[in-house]
1. Considering each of A:240, A:213, A:312 in turn, give the residue that is buried (at least 16 other Cβ atoms within 10 Å of the Cβ), in contact with a helix residue (DSSP H, G or I) (Cβ under 8 Å, 6 or more places away or on another chain) and closer than 17 Å to residue A:200 by Cα.
2. So which residues in the range B:245-258 are over 23 Å from the mean Cα position of the chain (by Cα) and buried (at least 20 other Cβ atoms within 10 Å of the Cβ), if there are any at all?
3. Within the range B:48-56, is even one residue more than 22 Å from residue B:149 (Cα to Cα) and in a loop (DSSP other than H, G, I, E, B)?
4. Take the residues of the range B:262-293 that are assigned to a loop (DSSP other than H, G, I, E, B) and either touching a helix residue (DSSP H, G or I) at 6+ places or on another chain (Cβ under 7 Å) or outside the structural domain of residue B:116 (by TED's automatic domain parsing) (or both): which is nearest to residue B:202 (Cα to Cα)?
5. Filter the range B:132-169 down to the residues that are closer than 14 Å to residue B:305 by Cβ, in a loop (DSSP other than H, G, I, E, B) and free of Cβ contacts under 8 Å to residues at least 60 places away in the same chain and list them by number.
6. With the requirement that a residue be touching a strand residue (DSSP E or B) at 6+ places or on another chain (Cβ under 7 Å), buried (at least 18 other Cβ atoms within 10 Å of the Cβ) and at the interface with chain B (Cβ under 10 Å from one of its Cβ atoms), what does the range A:259-286 give you?
7. Please state which of the following conditions residue A:243 fails to meet, knowing it meets all the rest: (1) free of Cβ contacts under 8 Å to residues at least 24 places away in the same chain; (2) assigned to a helix (DSSP H, G or I); (3) within 14 Å of chain B (Cβ to nearest Cβ).
8. Any residue that is farther than 25 Å from residue A:96 by Cβ and in contact with a strand residue (DSSP E or B) (Cβ under 6 Å, 6 or more places away or on another chain) - is there at least one of those in the range A:182-189?
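The values are calculated or read from the model by the stated rules, or taken from the named source; none is laboratory data. All values reported here derive from a predicted model rather than from experimental measurement. Methodologically, a virtual Cβ is constructed for each residue, glycine included, from the backbone with ideal geometry; neighbour enumeration extends over all protein chains shown.
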C-alpha cells in the first residue's frame, strides 16, 4: 500500500481519464489536475500513469494517451469511497496547508478561484468585476490567456484568478490559530449591512463545493445590492477558539495593508454569527467570498464558469483589475 | 414558552409573510404552508397570526392581510437559528412520522413531491413522465388544476404530485425499523444497472433539499439512460440496522403489489452501498427518487418547478398517469 497522498492523486487521474470519451495524454491530465488543485507536472503525471498501467487500471494507446480499463473502472468505484463525501473539505484543507502568505513581509501564496469567460466578454466582465470589488476579497486578480503555462485556459477563453476567502483559513492556521471552514451560504444584506444567512450548506457531507452549488443556482443578487444597498451575496463562515479572536483581529488588520479584506463579522459570542450556528467556546468569522465579483457577471447574463477554491498562487503576481 | 412545534409553525408563517412584497392573507399563507409540508387550515393559520400580532411580530392591514414588523424581522433572524441548518431534515422527519400507508390493507398516506408545469405543456409532460416511470417510485400520480383545494396551484399551471422516495422511510418506521435518510445524490447507471454515486449531499448540514440542488443543477441524464441504458439518475440512500434487512425486504415486496417500487440496492454489508458510505452495523438502501420522471421533462427543455418532499397525500386518490 502506497502513501495515501499518492493514492488520492492516482484516483484523481483515473477520474479524469474516465470522464473523457477518448484517450487522454499526460499534458491534458496535468492541466486538469491543476484545475482541481493538484500541482503535478507532466513528468510526475507520467510517473503516476506508469503505476496505473502496472496495476492494470489504465492502458496506453500509442501516442494518443491512456484510457481506463474495466478493472480500472471497478477500482474507481470502490476506491476512496468512504472519503468521497469528504473530498471537498479534504481538498480545501490541503490548500489551506499550502497557503503561506505573510501579511508582514507581504509575500507568499494565496488560494484562488479560477473563472473562465469568452475573450469577447472580457472587457465587460472586468468592468462588472470592478463594480463589485467591495464584496470580494481583494481587487488584485490574475489574468491568464490561452497560452498560459500556469493555469489551463480552454481555447477562446480568458482565465481570471480571484483571491479565495479560504486564504484567511490558511493564514490563521499559519499563525497558530486552529480554524475549520464550516459553511458556505447566501447572506442577506440590508442597507449595505450583512444581516443573516438565508441558506447554508456545510463544507462537510457534500461532494460538491457549497459555493459552487449557490453559484449554479444563481441565487445571488449582488447587482441589486450595488444599486440599492439591499441584496444577497455569497459568504462563508469558519470558527476559531474565542481566545484567539484578538490575534485574528490583528491579522485581519494587517491583511488590509495588502489589499486583502472582506471580513463581514467576527463575534466574540457563541451561539451564532449572522444566523450560522457556532459551537460553544468558539467564535464565528464570516467573510464575503472572492467569487461575488463573478456572481455579478453571471447576473448580467455573461457566460462564466467558476471553480471555487481552485489552486494556490503567488499573490505578488496578481495585479489590480 | 410555547411548544416547539407551534414555534416552528410561527416562524414558518413569518418567513412566508416576510418573503412577500405585499400584505398576505390567511388563505395564501395556508396554501404556501401546505407546499412546505405543514397541513394547517385557514382557521388554524388565523389562530397563529393572532399570536404573532400579540407578540408584535406582524401587523394587520384591514382585510388585505398581514405584514411583518421590524421586531418580527429581528425575531425571524434570531429565532431557531441553530436549527435552520437542520430545517430540511426536521421537515422530512415530520413527514416521515405522518406517513401511514399500509402495504397489506393498501391504504393510507404517502409522501409526495409536487411539480408545476404550464397547462400547455401538460400533455407533452405526461408523455415524457410515462417514458421514465421505471426510474421513479410509482406510476400513480395526482393531477391538480388551478381551482384545487388540496394543493395550491399557481394560475396557468398544472400541479403534478409524484410519490416521494422518503415514503419508504415512513413505512419502514411504521413497521418498527429505525431508519434515517442519509444522502441524496446523482447515481451513474451503466447497461441499465446502477453502478455508483457520482455526487452526494448529506440530508444533514444543508438548508436546501439535496435533491432540489441536483435538480436545479440539471445534473441528470435520464434521457440518455432511456435511449442507451447509460446515464445518470437521482437517487437517495438511507440506512437501517443490518438485523432489519430481512423485514425490510419483505416490506419492499409487499409494496410492489401497490405499484410502489424503485429499490436499487440493499446491501447486507457495512462500508458502502453504490459508493455511499454506510456506518458499521448498518445496511444501506438506495432508492431512485420520484422526481426522475420530472428530471426527464426538464431535460427536454420544458419549464418545471419541483418541490421535493412536499406534503402527504392519500395514495388511494392517486391514479396511473
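1. A:213
2. Within the range B:245-258, none qualify.
3. yes
4. Out of the qualifying residues, it is B:275.
5. Once the filter is applied, which keeps residues that are closer than 14 Å to residue B:305 by Cβ, in a loop (DSSP other than H, G, I, E, B) and free of Cβ contacts under 8 Å to residues at least 60 places away in the same chain, the range B:132-169 yields B:153, B:154, B:155, B:156.
6. If the condition is that a residue be touching a strand residue (DSSP E or B) at 6+ places or on another chain (Cβ under 7 Å), buried (at least 18 other Cβ atoms within 10 Å of the Cβ) and at the interface with chain B (Cβ under 10 Å from one of its Cβ atoms), then A:272, A:273, A:274, A:275, A:276, A:278 are the ones that fit.
7. Of everything listed in (1) free of Cβ contacts under 8 Å to residues at least 24 places away in the same chain; (2) assigned to a helix (DSSP H, G or I); (3) within 14 Å of chain B (Cβ to nearest Cβ), residue A:243 misses just condition (3).
8. yes
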